[in-house]
Amino acid sequence: MVRTEEGAGRRGISRRGLIGGGVAAAGVAGAFAVGRSSEGSTADAATRPSSYAFRGAHQAGIVTPAQDRLHFAAFDVITDDREQLIQLLQQWTEAADRMTQGKPAGTVGPVEGPSNAPPDDTGEAIGLSPSGLTITFGFGPSLFRTDDGSAGPGRDRFGLADRQPAALRTLPHFPADVLDPARSYGDLCVQACADDPQVAVHAIRNLARIGFGTVSVRWSQLGFGRTSSTTVDQSTPRNLFGFKDGTMNIKAEESDDVTEHVWVGAGDDADADWLTGGSYLVARRFNMTIEVWDRQSLGDQEAFVGRSKDSGAPLSGGGEHTEPDFDMPGADDLPVIAPDAHVRLVHPDFNDGARMLRRGYNFVDGSNALGGLDAGLFFLAFVRNPDTHFIPIQTKMATNDALMEYLKVTGSALFAVPPGIGEGEYVGQALFA
Ligand code: HEM
């Protein structure tokens with residue numbers, strides 16, 4: 001199976017094999033399979049390519065078929081030296097390019113170097129296949145200007161302030177935000193997605209190791225059970241409320257919508273032309289009050305979402321992929337899909353046509369002090385412009401959505417995701433040029 005856009009994919013090549021035998025020839029780009037499947041499970045992973053090219057017109061890990069596992073990390077840059085930052089991005093580019101092809105992070109390898117020096121790869125991915133690993137980099141607002149909470153413009157840390165995109169600002173405070181600063185913000189972010197959690201963790205761990213002295217990890221989040229489908233041939237997974245999630249997501253095959261709603265267009269921001277072909281990444285950690293949710297009746301749960309828990313069909317009828325009929329009358333003079341149902345409030349028809357590419361993951365980070373699960377949905381979405389495609393929708397949801405009774409937002413961040421790169425270039429090169 002091969003993939004367009006992110007480059008060709010291969011299947012089943014182990015890291016051991018690559019270390020010893022070099023990289024197999026990449027296949028040719030092909031078309032996506034057409035047709036939707038709505039039932040299924042992680043068996044999807046077996047039908048996906050084992051590796052994706054790191055270089056290309058856009059960064060991988062956006063329209064790439066969503067993998068099963070996530071390790072996401074936000075970093076603080078701890079130097080003021082622009083050259084040191086550029087050097088890190090160059091080193092990260094090389095390492096990411098290697099790891100996504102199933103090779104070790106460094107050119108020597110985890111066990112091949114001298115015994116009196118730390119290895120240039122940590123070793124836990126020896127023998128594992130590339131597992132569809134994608135590594136996606138982003139730049140936070142604080143990379144451009146410091147934000148110490150004062151009213152002033154902030155300090156231009158790396159001579160980048162005049163290239164800061166207008167839409168790249170700390171997200172506003174939304175109702176139900178109880179943000180932990182230790183789980184929010186960041187100068188840089190790295191999203192590592194793979195079908196094997198050890199491969200995703202290996203990627204973040206090695207990038208953090210390479211960045212020692214230049215960056216420090218500010219926060220990181222593990223995720224499982226993707227909560228979205230990003231191609232039409234992927235089955236729709238379920239979130240921890242037990243509902244299918246991702247049904248109406250933008251799919252890679254909807255190329256007009258991807259262009260219109262995901263990629264930053266030429267001329268979108270005259271001061272930030274380096275971002276053309278890139279995107280904005282919204283990251284929000286939604287804690288679910290699982291134990292309270294589990295005591296709600298099935299009928300109420302479905303009313304809150306506006307869809308059937310079983311099939312994922314809208315409550316107005318049909319199948320999972322039937323368009324909801326928001327005007328269909330229900331009981332008590334109310335529409336059958338309630339005014340405060342999630343799918344009504346966030347639907348493009350009521351949001352100036354805005355769509356987003358959702359790519360979030362479930363998380364369970366153990367239990368809280370009361371014995372409840374510290375669990376929820378780590379919401380990730382790629383949008384062309386957060387001012388038009390995210391903030392108004394999130395505001396509406398936070399204010400009116402029936403689901404909010406069971407949600408608390410504990411982490412939040414926004415990043416600009418630069419476009420992809422060609423051979424010999426490093427991630428974000430156009431920004432520093
Ligand atoms: C824990 C938080 C959330 C849960 C449990 C949740 C759940 C769901 C479910 C079950 C669906 C229906 C299936 C589908 O079309 O994917 C859905 C759709 C959707 N959600 Fe959420 N969601 C959450 C947060 C958000 C947030 C923060 C936003 C954006 C501000 C959002 C935007 C959307 C959109 C745009 C759709 C598709 C609507 C359509 O086109 O019909 N969701 N969500």
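Pairs under 8 Å by beta carbon, first residue small (Gly, Ala, Ser) in region 282-293, partner open to solvent by 20 Å² or more (accessible area, probe 1.4 Å) and near the ligand (Cβ under 9 Å from one of its atoms), six or more apart or different chains?
That search, which allows pairs on different chains as well, returns Ala283/Phe379.
Anything in region 354-399 that is within 14 Å of the chain's Cα centre (by Cα) and farther than 19 Å from Ala416 by Cα? List them, or say none.
Tyr361, Asn362, Phe363, Leu377
Hey, does region 172-192 have a residue that's open to solvent by 10 Å² or more (accessible area, probe 1.4 Å), out of contact with any Phe, Trp or Tyr (no Cβ under 9 Å at 6 or more places or on another chain) and under 22 Å from Gly428 (Cα atoms)?
No, that holds for no residue.
Small (Gly, Ala, Ser), more than 25 Å from Thr388 (Cα to Cα), open to solvent by 40 Å² or more (accessible area, probe 1.4 Å) and assigned to a loop (DSSP other than H, G, I, E, B) - does that describe any residue in region 101-121?
yes
Restricting the search to region 378-406, which residues are part of a strand (DSSP E or B) and open to solvent by 20 Å² or more (accessible area, probe 1.4 Å)?
Result: Phe379, single match.
So Arg344 passes all but one of these: (1) within 14 Å of Ala402 (Cβ to Cβ); (2) more than 10 Å from the ligand (Cβ to nearest atom); (3) free of Cβ contacts under 8 Å to residues at least 40 places away in the same chain. Which condition number does it fail?
Only one criterion in (1) within 14 Å of Ala402 (Cβ to Cβ); (2) more than 10 Å from the ligand (Cβ to nearest atom); (3) free of Cβ contacts under 8 Å to residues at least 40 places away in the same chain is unmet by Arg344, namely (2).
Give just the number: which of (1) over 20 Å from Gly242 (Cβ atoms); (2) open to solvent by 60 Å² or more (accessible area, probe 1.4 Å); (3) at pLDDT 95 or above; (4) not aliphatic (A, V, I, L, M) does Asp332 not satisfy?
Condition (3) is where Asp332 drops out.
Can you name the residue in region 310-327 that is open to solvent by less than 50 Å² (accessible area, probe 1.4 Å) and within 30 Å of the chain's Cα centre (by Cα) and, of all such residues, is farthest from the ligand (Cβ to nearest atom)?
Gly319
Does any residue in region 58-70 that is at positive phi come within less than 9 Å, Cβ to Cβ, of a residue that is assigned to a loop (DSSP other than H, G, I, E, B) and modelled with pLDDT under 95 six or more places away or on a different chain, and which pairs are these?
Every condition considered, the pairs that remain are Gly61/Glu6.
As an exercise: evaluate Asn351 against (1) under 26 Å from the mean Cα position of the chain (by Cα); (2) open to solvent by 60 Å² or more (accessible area, probe 1.4 Å); (3) under 27 Å from Pro386 (Cα atoms) and give the number of the one condition it does not meet.
For Asn351, the exception is condition (2).
For a quick check of your reading: which helices (runs of 4 or more DSSP H) sit entirely within region 211-316 and have at least 3 residues that are out of contact with any helix residue (DSSP H, G or I) (no Cβ under 9 Å at 6 or more places or on another chain)?
Hits in region 211-316: 255-261, 298-305.
Leu207 - would you say it is outside any loop (DSSP other than H, G, I, E, B) and away from the ligand (no atom under 14 Å from the Cβ)? If you could, list the steps in order and put the result at the bottom.
Working: outside any loop (DSSP other than H, G, I, E, B): yes; away from the ligand (no atom under 14 Å from the Cβ): yes.
So Leu207 fits the description; yes.
With respect to Val343, is the statement that it is assigned to a loop (DSSP other than H, G, I, E, B), touching a Gly at 6+ places or on another chain (Cβ under 8 Å), of a type in the set (A, V, I, L, M) and open to solvent by less than 60 Å² (accessible area, probe 1.4 Å) true?
It is false that Val343 is assigned to a loop (DSSP other than H, G, I, E, B), touching a Gly at 6+ places or on another chain (Cβ under 8 Å), of a type in the set (A, V, I, L, M) and open to solvent by less than 60 Å² (accessible area, probe 1.4 Å).
The values are calculated or read from the model by the stated rules, or taken from the named source; none is laboratory data. Predicted model, so just to flag it, every value in this text is computed and none were measured. Heads up, the Cβs are rebuilt from the backbone with ideal geometry, glycines too, and the neighbour counts pull from every protein chain shown. These area figures cover heavy atoms from the full protein model, side chains too; ligands, DNA and RNA do not enter into them. Shrake-Rupley method; radii C 1.70, N 1.55, O 1.52, S 1.80 Å.
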